[in-house]
Amino acid sequence: MEFVGDPLRLARALEDLSAQFARALPGRLAEIQEEYAALLRSPGDRQALERMRARVHKLAGSGTTFGFAALSQESLDLEDHIKRLASREEPLPLADVQALGPRLSLVRRAALGPLGTDPESGD
């Protein structure tokens, strides 16, 4: 598509991409929640920790692009905490994994974003 000289067309395309991003959020959040649940069942699962970090990192990187600055910020905060856990040599205590829960809740809340829709409702 050619957008040079047509700012209205570009704006519409960006709105469409933002809406697509918003529609994909419930699935992306569910994937992160699944990794968190796996960590709660097995706090020593370093692969689940890395998968969760990678998924959160993707949200952090794309949120601002599509108009979800708060989602990016909360995701960056959660990713920082996950990185700190991942850097430890010793086994992770369940309490430290559980401490990710409130931060994950902040990410989910931030996913409401500028559209004001609940990503879990599918609206």
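Under a model in which nothing but the beta-carbon of Lys, Arg (+1) and Asp, Glu (-1) is charged, the chain shows a dipole of about 140 debye around its Cα centre. Seen against the Cα atoms of the chain and their longest principal axis, helix 46-63 is set at about 20 degrees. For the chain, the longest principal axis of the Cα atoms and the long axis of helix 69-86 meet at an angle of about 20 degrees. A simple spin-label model places pseudo-atoms 7 Å from Cα toward Cβ; at residue 10 and residue 89 they are separated by 5.2 nm.
FYI, it's all coordinate maths here, none of it is from the lab. Predicted model, so just to flag it, every value in this text is computed and none were measured. Note: ideal-geometry Cβ built from the backbone for every residue, glycine included; neighbour counts use all protein chains shown.
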